[in-house]
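Below: the structure, in structure tokens.
The values are calculated or read from the model by the stated rules, or taken from the named source; none is laboratory data. As the structure is a computational prediction, the values presented were derived from the model and not from experiment. In this analysis, Cβ positions are derived from the backbone assuming ideal geometry, glycine residues included, and neighbour counts consider all displayed protein chains.
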Amino acid sequence: MTTSAKQYVNDVFEIVKKRNPGETEFHQAVKEIFDSLVPIFEQDPVYIEHNILERMVEPERIISFRVPWVDDEGKVRVNRGFRVQFNSAIGPYKGGLRFHPSVNASIIKFLGFEQIFKNSLTGQPIGGGKGGSDFDPKGKSDNEIMRFCQSFMSELSKHIGPDTDVPAGDIGVGAREIGYLFGQYKKMRGGYEAGVLTGKGLDFGGSLTRTEATGYGTVYFVNEMLKDQNDSFEGKTVVVSGSGNVSIYAIEKATELGAKVVACSDSNGYIYDKNGINLETVKRLKEVERKRIKEYVNEHPEAEFKTEDGGIWSIPCDIALPCATQNELNEEAAKTLVSNGVKAVGEGANMPSTLDAIDVFLDNGVLFGPAKAANAGGVAVSALEMAQNSARLAWTFEEVDEKLQNIMANIYKNSVDNAEKYGHPGNLVVGANIAGFRKVADVMIAQGVI
Ligand code: GLU
């Protein structure tokens with residue numbers, strides 16, 4: 001007796017819940033992907049015959065380790081480090097490291113699982129992985145950050161390498177942390193393996209455009225969605241949540257394309273500047289002084305700082321770019337955006353919209369760019385950084401930016417085509433998930449049961 005596609009997906013989802021009890025974020029990421037894969041299983045039962053789904057949701061390897069370090073008072077502190085090496089069918093594991101107090105196995109697994117599909121969509125030869133720690137970088141001195149990174153890498157260095165697993169940044173891990181991590185890796189290995197990490201400084205193997213890539217890529221993706229409707233960013237009002245690396249460069253590119261970005265946020269609250277955000281102030285506060293976003297109003301008294309939870313989505317806008325963190329945009333916020341006339345939503349963060357919020361956007365005809373497609377620009381340029389490191393050369397900003405634009409346009413086209421082919425025209429959640437899945441699944445079949 002053959003199992004129906006729906007039955008198969010439901011059965012594997014039950015296994016996931018049983019094997020990974022209480023891991024709600026992981027369940028959510030799996031559910032979103034599983035639901036959108038039903039049409040491909042209906043058309044191509046070969047994936048059911050090979051039990052691809054149950055193999056894909058089980059990470060190839062999970063490493064969890066102790067990270068002891070000494071703070072500035074001389075006190076010994078302990079954090080937990082993770083690396084999930086999820087899938088290496090199409091290339092070395094690739095994905096960022098997140099340092100944030102909320103990090104646990106569920107968060108790292110949801111991120112690692114999404115990374116498989118996102119990385120596949122980029123068209124680059126990179127598998128899926130993710131890592132991090134429950135270490136809180138907020139309020140730590142430079143020396144504390146360095147000692148933590150050194151301890152973290154002392155263990156992680158045993159498990160990574162330019163051809164096996166290539167970490168990068170994510171929340172709480174930027175250029176400074178990548179520098180300390182790279183220094184410690186080099187010391188442990190006794191050799192210069194530039195391609196072991198991406199997001200490096202420009203003088204030791206970093207790629208031009210990597211810093212900008214995730215934010216720019218999100219805007220390029222939304223621009224593709226708009227172009228298809230004969231529309232553009234010109235004259236649009238945009239709200240961008242967050243004020244980290246992704247948000248800053250999304251604001252920069254949206255502004256360059258003629259939009260007015262009126263709000264951004266951090267975990268304390270959001271600023272609303274009806275004249276348009278002054279990006280130089282945000283960059284200095286966040287990238288140089290490492291201060292809170294509320295300081296913005298000291299320099300721009302016409303702007304307002306507000307603290308209500310989720311309140312940033314109550315600001316009327318044409319385009320919303322959630323670029324902060326997972327589940328920052330719920331059903332209620334989505335309904336508010338829709339009633340305020342939002343036209344397009346592009347996810348710069350990983351899984352920023354809840355499943356209910358996504359349904360609200362899709363049901364109301366909002367152009368919706370899901371994270372795996374819309375924020376893939378960062379990891380795509382990471383793969384270009386790996387390519388430059390292997391060839392021992394460096395491309396110009398313009399060369400990398402042009403490649404990034406082509407990659408985002410291809411991801412868009414691929415997602416649109418697959419949505420159409422599998423009976424859900426315009427639904428880029430279905431299109432992106434199927435496109436990302438199909439390549440990895442076909443390679444897993446080609447490589448046998450391993
Ligand atoms: N952390 C980023 C992401 O979520 C980038 C990963 C990378 O460059 O490897 O895709």
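Do you know which residues across the stretch 88-112 are among the polar types (S, T, N, Q) and either within 14 Å of the ligand (Cβ to nearest atom) or out of contact with any helix residue (DSSP H, G or I) (no Cβ under 6 Å at 6 or more places or on another chain) (or both)?
Ser88, Ser102, Asn104
Kindly evaluate Gln28 against the criterion of being within 26 Å of the chain's Cα centre (by Cα), of a type in the set (S, T, N, Q) and assigned to a helix (DSSP H, G or I).
Considered against the rule, which asks whether it is within 26 Å of the chain's Cα centre (by Cα), of a type in the set (S, T, N, Q) and assigned to a helix (DSSP H, G or I), Gln28 comes out as yes.
Does Asn51 qualify as being away from the ligand (no atom under 12 Å from the Cβ) and in contact (Cβ under 8 Å) with a residue 60 or more places away in the chain?
Against the criterion (away from the ligand (no atom under 12 Å from the Cβ) and in contact (Cβ under 8 Å) with a residue 60 or more places away in the chain), Asn51 does not qualify.
Please verify whether Ile411 is β-branched (Val, Ile, Thr), within 15 Å of the ligand (Cβ to nearest atom) and either touching a strand residue (DSSP E or B) at 6+ places or on another chain (Cβ under 6 Å) or farther than 30 Å from Ile315 by Cβ (or both), treating the condition exactly as stated.
Answer is no for this residue.
Just for strands (runs of 3 or more DSSP E) wholly inside the stretch 181-287: which have at least 1 residues that are under 23 Å from Gly96 (Cα atoms)?
237-240, 260-266
Go through the stretch 348-381 and report how many residues are within 15 Å of the ligand (Cβ to nearest atom), in contact with a Leu (Cβ under 9 Å, 6 or more places away or on another chain) and part of a helix (DSSP H, G or I).
6
Name every residue in the stretch 65-87 that is in contact (Cβ under 8 Å) with a residue 40 or more places away in the chain, in a strand (DSSP E or B) and not aromatic (Phe, Trp, Tyr), in order of residue number.
Initially, the stretch 65-87 is screened for residues in contact (Cβ under 8 Å) with a residue 40 or more places away in the chain, giving 65-72, 79-87.
Of the ones still in play, those that are also in a strand (DSSP E or B) are 65-70, 79-87.
Selection gives Arg66, Val67, Pro68, Val70, Asn79, Arg80, Gly81, Arg83, Val84, Gln85, Asn87.
Could you check, for the stretch 363-376, whether at least one of its residues is among the basic types (Lys, Arg), on the phi < 0 side of the Ramachandran plot and in contact (Cβ under 8 Å) with a residue 24 or more places away in the chain?
Looking through the stretch 363-376, at least one residue is among the basic types (Lys, Arg), on the phi < 0 side of the Ramachandran plot and in contact (Cβ under 8 Å) with a residue 24 or more places away in the chain.
With the structure loaded, tell me whether Glu155 is in contact (Cβ under 8 Å) with a residue 60 or more places away in the chain, more than 13 Å from the ligand (Cβ to nearest atom) and of a type in the set (Asp, Glu) or whether it fails that test.
yes
Picking from Lys187, Lys130, Lys140, which residue would you name as being within 11 Å of the ligand (Cβ to nearest atom), basic (Lys, Arg) and modelled with pLDDT of 95 or more?
Working: Lys187 fails: within 11 Å of the ligand (Cβ to nearest atom); Lys140 fails: within 11 Å of the ligand (Cβ to nearest atom).
Result of the check over Lys187, Lys130, Lys140: Lys130.
Taking Phe397 as the residue in question, decide whether it is in contact with a strand residue (DSSP E or B) (Cβ under 6 Å, 6 or more places away or on another chain) and either free of Cβ contacts under 8 Å to residues at least 12 places away in the same chain or away from the ligand (no atom under 16 Å from the Cβ) (or both).
So Phe397 does not fit the description; no.
Can you work out which of the residues in the stretch 277-291 that are touching a strand residue (DSSP E or B) at 6+ places or on another chain (Cβ under 9 Å) and of a type in the set (A, V, I, L, M) is surrounded by the fewest Cβ atoms within 10 Å (Cβ to Cβ)?
Within the stretch 277-291, the match that is surrounded by the fewest Cβ atoms within 10 Å (Cβ to Cβ) is Leu279.
Please determine whether any residue of the stretch 173-191 is of a type in the set (Phe, Trp, Tyr) and in contact (Cβ under 8 Å) with a residue 60 or more places away in the chain.
no
Only one of these is crowded, with 16+ Cβ neighbours inside 10 Å and farther than 22 Å from Glu332 by Cβ: Lys294, Lys274. Name it.
When all the criteria are applied, what remains is Lys294.
Please determine whether any residue of the stretch 317-325 is more than 16 Å from the ligand (Cβ to nearest atom), of a type in the set (D, E, K, R) and in contact (Cβ under 8 Å) with a residue 40 or more places away in the chain.
Yes, the stretch 317-325 has at least one match.
Has the stretch 332-348 got at least one residue that is in contact with a helix residue (DSSP H, G or I) (Cβ under 9 Å, 6 or more places away or on another chain), crowded, with 16+ Cβ neighbours inside 10 Å, modelled with pLDDT of 95 or more and among the acidic types (Asp, Glu)?
Among the residues of the stretch 332-348, at least one is in contact with a helix residue (DSSP H, G or I) (Cβ under 9 Å, 6 or more places away or on another chain), crowded, with 16+ Cβ neighbours inside 10 Å, modelled with pLDDT of 95 or more and among the acidic types (Asp, Glu), which makes the answer yes.
Could you identify the single residue in Ile90, Ile107, Ile62 that is assigned to a strand (DSSP E or B) and either of a type in the set (A, V, I, L, M) or surrounded by fewer than 21 Cβ atoms within 10 Å (Cβ to Cβ) (or both)?
Checking each option against the conditions leaves just Ile62.
Considering only residues that are of a type outside the set (D, E, K, R) and in a helix (DSSP H, G or I), look in the stretch 297-325 and name the one that is surrounded by the most Cβ atoms within 10 Å (Cβ to Cβ).
Ile312
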